[in-house]
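The values are calculated or read from the model by the stated rules, or taken from the named source; none is laboratory data. These numbers come from a predicted model, not from an experiment. Cβ coordinates were reconstructed from backbone atoms using ideal geometry, including for glycine residues, and neighbour counts include every protein chain displayed.
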Amino acid sequence: MFLAAVAVAAACSPPARSPAAVAAVPSSGSPSLLAPGEEKFLANVRQLTFGGQNAEAYWSADGTKIIFQSNDEGRLPCDQIFVMNADGSHKRMVSNGKGKTTCSYFFPSGERILYGSTFRAGEACPPPPDRSRGYVWALDDYDIYTAKPDGSDLRALFSSPAYDAEATVSRDGRKIVFTSARDGDLEIYSMNADGSGVTRLTRTPGYDGGPFYSYDGRKIVYRADHPKTPEDLALNRENLARGSYAPKGLEIRVMNADGSGDHAVTSNGAANFAPYFFPDGKRIIYSSNAGDSKGRDFELYVVNADGTNPTRVTFSPEFDGFPMFNSDGTRLVFASNRNGKQPRETNIFVADWIGN
């Protein structure tokens, strides 16, 4: 029952088509997009994509654009990277249409973008993971690339013969934090913006990933799944050898930018993921299935950075995740199953943040 909606990237097979501009029709703010109870936190909710799987949408530093991954309403065999204006207009694919992509992000200057892609390992979509032994995530051979915002001038920034992805940039543009299996486990690393100075930050067996810097660059918030028994640890190693990871549960953690001071923020045993700092660094917004006994309904929550006062933000009946504030904390972008035309359709939404 774990993370059925979190693994938003569809299974893939043939290669994708060439990059092309795709028209978008932004919706106006509608009360119907706001579930009861959300009016305490959100206003003027707008839907920016309409169909297929769209997720991990993140603002540019100036708040004028959004970068995200999408299968383009099901027209692409696996996810590619798209950029659109903050109102949903001028949606266009900026990755090269080869392989599978994930985890895109703007550099603060707006002059380059960052994302992971498997195209070096193969231009076709990677095969789906073998789930005959249970639910797993595929650890495809991603490398980390940068490009201009239109997708040109593509450059490999970090590469290893293993999973390298989930990269984001500090707000001063000097540092990148990412997840890699280069040392045989899924750990968090930092590097300079040019790919030099790679430094390992986490060392606990299991999964550490989805890292983001605080606005001042002093802290990193991330999600973690650390095996608690010898049996779970052995299974983790067995899956890694097969190029997969079997999620058991995820907790939100915070550490200093150099890896010191690592501590748990959540400890509820649920699937907590996609954490992001408020601009002042005092709180964290994240997605969790803690409120659903069946573990299928993911909602947005806010918690103090010390783990106190977790508060539910969204109340839609299915999935809400991947939240990110704009630079001044007045607007929130997130992915949701709300208002979908088909079951489990995931779209991108923006809202005014009116919570305390």
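Might you let me know whether the range 314-336 holds any residue that is farther than 25 Å from TYR105 by Cβ and modelled with pLDDT of 95 or more? First the steps, then the outcome.
The first filter runs over the range 314-336 and keeps only residues farther than 25 Å from TYR105 by Cβ, leaving 315-318.
If we keep only those that are modelled with pLDDT of 95 or more too, we end up with 315.
Yes, the range 314-336 contains at least one residue that is farther than 25 Å from TYR105 by Cβ and modelled with pLDDT of 95 or more.
Does THR118 qualify as being surrounded by 19 or more Cβ atoms within 10 Å (Cβ to Cβ), touching a Pro at 6+ places or on another chain (Cβ under 6 Å), of a type in the set (S, T, N, Q) and more than 23 Å from ASN272 (Cβ to Cβ)? Even if it seems obvious, please write down each step before you answer.
Working: surrounded by 19 or more Cβ atoms within 10 Å (Cβ to Cβ): yes; touching a Pro at 6+ places or on another chain (Cβ under 6 Å): yes; of a type in the set (S, T, N, Q): yes; more than 23 Å from ASN272 (Cβ to Cβ): yes.
When the stated conditions are applied, THR118 passes them.
Go through the range 121-136 residue by residue and tally those that are buried (at least 19 other Cβ atoms within 10 Å of the Cβ) and modelled with pLDDT of 95 or more.
Summing the residues that are buried (at least 19 other Cβ atoms within 10 Å of the Cβ) and modelled with pLDDT of 95 or more in the range 121-136 gives 2.
Name the residues in the range 164-206 that are charged (D, E, K, R), outside any loop (DSSP other than H, G, I, E, B) and either in contact (Cβ under 8 Å) with a residue 40 or more places away in the chain or surrounded by fewer than 15 Cβ atoms within 10 Å (Cβ to Cβ) (or both), would you? Outline the logic, then answer.
Here is the first cut: in the range 164-206, the residues charged (D, E, K, R) are 164, 166, 171-172, 174-175, 182-183, 185, 187, 194, 200, 203.
Subset that is outside any loop (DSSP other than H, G, I, E, B): 164, 166, 175, 187, 200.
Passing the criteria: ASP164, GLU166, LYS175, ARG200.
If you check MET84 against the conditions, is it more than 23 Å from TYR207 (Cβ to Cβ), touching a His at 6+ places or on another chain (Cβ under 8 Å), modelled with pLDDT of 95 or more and crowded, with 22+ Cβ neighbours inside 10 Å?
On the way: more than 23 Å from TYR207 (Cβ to Cβ): yes; touching a His at 6+ places or on another chain (Cβ under 8 Å): yes; modelled with pLDDT of 95 or more: yes; crowded, with 22+ Cβ neighbours inside 10 Å: yes.
Judged against the criteria, MET84 is a match.
Among the residues that make up the range 145-165, is at least one of them of a type in the set (D, E, K, R), touching a strand residue (DSSP E or B) at 6+ places or on another chain (Cβ under 9 Å) and within 22 Å of VAL254 (Cα to Cα)? I'd like the intermediate steps shown before the answer.
Within the range 145-165, the first condition is being of a type in the set (D, E, K, R), and the residues that meet it are 148, 150, 153, 155, 164.
Right, trim to touching a strand residue (DSSP E or B) at 6+ places or on another chain (Cβ under 9 Å) and you get 148, 150, 153, 155, 164.
Now restrict to residues that are within 22 Å of VAL254 (Cα to Cα): 164.
Yes, the range 145-165 contains a residue that is of a type in the set (D, E, K, R), touching a strand residue (DSSP E or B) at 6+ places or on another chain (Cβ under 9 Å) and within 22 Å of VAL254 (Cα to Cα).
All but one of (1) acidic (Asp, Glu); (2) more than 26 Å from ASN326 (Cβ to Cβ); (3) exposed (fewer than 15 other Cβ atoms within 10 Å of the Cβ) hold for ASP280, so report the exception by its number.
Exception for ASP280: condition (2).
State whether one or more residues within the range 248-268 are more than 24 Å from PHE178 (Cβ to Cβ), touching a residue at least 12 places away in the same chain (Cβ under 8 Å) and not basic (Lys, Arg). Break it down stepwise before answering.
Start the filter on the range 248-268 by keeping residues that are more than 24 Å from PHE178 (Cβ to Cβ), which leaves 267-268.
From the residues that got through so far, the ones that are touching a residue at least 12 places away in the same chain (Cβ under 8 Å) too are 267-268.
Next cut, not basic (Lys, Arg) only: 267-268.
For the range 248-268, residues more than 24 Å from PHE178 (Cβ to Cβ), touching a residue at least 12 places away in the same chain (Cβ under 8 Å) and not basic (Lys, Arg): present.
Any idea which residue in the range 223-267 is surrounded by the fewest Cβ atoms within 10 Å (Cβ to Cβ), counting only those that are β-branched (Val, Ile, Thr) and in a loop (DSSP other than H, G, I, E, B)?
The first filter runs over the range 223-267 and keeps only residues β-branched (Val, Ile, Thr), leaving 229, 252, 254, 265-266.
Checking which are in a loop (DSSP other than H, G, I, E, B) leaves us with 229, 265-266.
Values: THR229: 9, VAL265: 21, THR266: 22.
Residue satisfying both the conditions and the ranking: THR229.
Here is a yes/no grid of residues against (1) among the charged types (D, E, K, R); (2) within 16 Å of the chain's Cα centre (by Cα); (3) closer than 17 Å to LEU42 by Cβ:
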residue	(1), (2), (3)
SER267	no, no, no
PHE273	no, yes, no
PHE277	no, yes, no
TYR286	no, yes, yes
LEU300	no, yes, yes
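Among (1) in contact with a Cys (Cβ under 8 Å, 6 or more places away or on another chain); (2) surrounded by fewer than 18 Cβ atoms within 10 Å (Cβ to Cβ); (3) not acidic (Asp, Glu), there is one condition SER159 misses while meeting the rest; what is its number?
Among (1) in contact with a Cys (Cβ under 8 Å, 6 or more places away or on another chain); (2) surrounded by fewer than 18 Cβ atoms within 10 Å (Cβ to Cβ); (3) not acidic (Asp, Glu), the lone unmet condition for SER159 is (1).
With respect to ALA147, is the statement that it is without any contact (Cβ under 8 Å) to a residue 60 or more places away in the chain, surrounded by fewer than 22 Cβ atoms within 10 Å (Cβ to Cβ) and under 18 Å from ALA57 (Cα atoms) true?
Values: without any contact (Cβ under 8 Å) to a residue 60 or more places away in the chain: yes; surrounded by fewer than 22 Cβ atoms within 10 Å (Cβ to Cβ): yes; under 18 Å from ALA57 (Cα atoms): yes.
Yes: the conditions hold for ALA147.
Hey, does the range 45-52 have a residue that's β-branched (Val, Ile, Thr), part of a loop (DSSP other than H, G, I, E, B), closer than 30 Å to GLU123 by Cβ and modelled with pLDDT of 95 or more? Steps first, answer last, please.
Filtering the range 45-52 down to residues β-branched (Val, Ile, Thr) leaves 45, 49.
Those still in the list that are part of a loop (DSSP other than H, G, I, E, B) too: 49.
Now drop any that are not closer than 30 Å to GLU123 by Cβ, which leaves 49.
When the remaining residues are screened for being modelled with pLDDT of 95 or more, the result is 49.
The answer is yes, given that some residue of the range 45-52 is β-branched (Val, Ile, Thr), part of a loop (DSSP other than H, G, I, E, B), closer than 30 Å to GLU123 by Cβ and modelled with pLDDT of 95 or more.
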